[in-house]
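Student: So that we are looking at the same thing, I have put the structure below in structure tokens.
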Amino acid sequence: MQDAERVERLRGAQRQASDLFAAIEAAGIVAPGVTEREASDAIKVLAAERLGVDKHWHKRVVRAGVNALEPYHANPPNREIADDDIVYLDLGPVFEEWEADFGRTYVLGADPEKLRLRDALPEVWAAGRAHFEATPDITGAQLFAYMVEQGAARGYEWGGTIAGHLVGDFPHADAEGSKDRSRIAPANDRALRGVDSVGNVAHWILEVHLVDREREIGGFYEELLDI
């Protein structure tokens, strides 16, 4: 498959993921009194019924309140969403065998610190993309460091261990021993622009996970980086 077609498939998957998030918002799934697990289950049903999604290439992540401090690989206790919570969704729906990875943060109520955190997420993401575009030979480690710096400049810690990863057709596979090279992370000293383990042009997701441990809040944002 030519890269132009792969790009269009990935863009199409992201458009459908955005449509899924709009449907989630319209359905009022993220609401006080709903547990994280109940919200995840409702998202699974909605994605299947509205968009025909029968696969998610990673676990559906719904994190509310203090649980939003936790990174992807954690499995905190199931929490009920409260009236004034901050909540983030990290979803990986598969559309016609093409992966999407999309994350957004919602604030229930009018807490100014939670709203400030929510609004900082796309700012840091946009700064990261601009830096990527301006630095042709940037490595995964360099972009990760830049993202952490951008979060710190706004008063936040970095909540995870990576700032993104490869994305492609389902399931994207990495060659043995190349896991570090598939991530925007400190251990990846390879230029992000290049090819993946099977020779396709590498395409990337850029993600932002910012936390304020003193206030026990966190937020998340992600989408396609390079296309």
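Student: Collect the residues in the stretch 82-105 that are of a type outside the set (Gly, Ala, Ser), closer than 17 Å to residue 71 by Cα, part of a strand (DSSP E or B) and within 14 Å of the chain's Cα centre (by Cα), keeping them in residue-number order. Quick ask: steps written out before the conclusion?
Tutor: Within the stretch 82-105, the subset of a type outside the set (Gly, Ala, Ser) is 83-91, 93-99, 101-102, 104-105.
After this cut, where a residue has to be closer than 17 Å to residue 71 by Cα as well, the list is 86-91, 101-102, 104-105.
Those still in the list that are part of a strand (DSSP E or B) too: 86-91, 102, 104-105.
Matches in the stretch 82-105: 87, 88, 89, 90, 91, 102, 104, 105.
Student: In addition: Does the stretch 131-153 include one or more residues that are among the charged types (D, E, K, R), exposed (fewer than 14 other Cβ atoms within 10 Å of the Cβ), touching a strand residue (DSSP E or B) at 6+ places or on another chain (Cβ under 9 Å) and within 19 Å of residue 225 (Cβ to Cβ)?
Tutor: yes
Student: Under 6 Å by Cβ, and 6 or more places apart or on different chains, what pairs join a residue from the stretch 58-75 that is modelled with pLDDT of 95 or more with one that is among the charged types (D, E, K, R) and in a helix (DSSP H, G or I)?
Tutor: 62/36; 64/36
Student: Got a number for residues in the stretch 105-130 being touching a residue at least 24 places away in the same chain (Cβ under 8 Å), surrounded by fewer than 23 Cβ atoms within 10 Å (Cβ to Cβ) and among the basic types (Lys, Arg)?
Tutor: Count: 2.
Student: Six or more apart or on different chains, Cβ atoms under 8 Å: show the pairs whose first residue is in the stretch 182-208 and among the aromatic types (Phe, Trp, Tyr) and whose second is part of a loop (DSSP other than H, G, I, E, B).
Tutor: Matching pairs, first to second residue: 204/167; 204/184; 204/192; 204/225; 204/226.
Student: Something else: Would you pick out the residues in the stretch 33-75 that are assigned to a loop (DSSP other than H, G, I, E, B) and closer than 16 Å to residue 88 by Cβ? Before you say what the answer is, go through the steps one by one.
Tutor: Going through the stretch 33-75, the residues assigned to a loop (DSSP other than H, G, I, E, B) turn out to be 33-34, 52-55, 57-60, 70-75.
Residues satisfying the conditions are 34, 58, 59, 60, 70, 71, 72, 73, 74, 75.
Student: Of (1) over 29 Å from residue 9 (Cα atoms); (2) in contact with a helix residue (DSSP H, G or I) (Cβ under 8 Å, 6 or more places away or on another chain); (3) surrounded by 14 or more Cβ atoms within 10 Å (Cβ to Cβ); (4) not basic (Lys, Arg), residue 84 satisfies all except one. Which?
Tutor: (3)
Student: Applying the selection to the stretch 195-227, what residues are loosely packed, with under 15 Cβ neighbours inside 10 Å and out of contact with any Lys or Arg (no Cβ under 9 Å at 6 or more places or on another chain)?
Tutor: Within the stretch 195-227, the subset loosely packed, with under 15 Cβ neighbours inside 10 Å is 195, 198-199, 213-216, 227.
Matches in the stretch 195-227: 195, 198, 199, 213, 214, 216.
The values are calculated or read from the model by the stated rules, or taken from the named source; none is laboratory data. Keep in mind the model is a prediction, meaning the values are calculated, not measured. Reconstructed Cβ throughout: ideal geometry from the backbone, glycine too, with neighbour counts over all protein chains shown.
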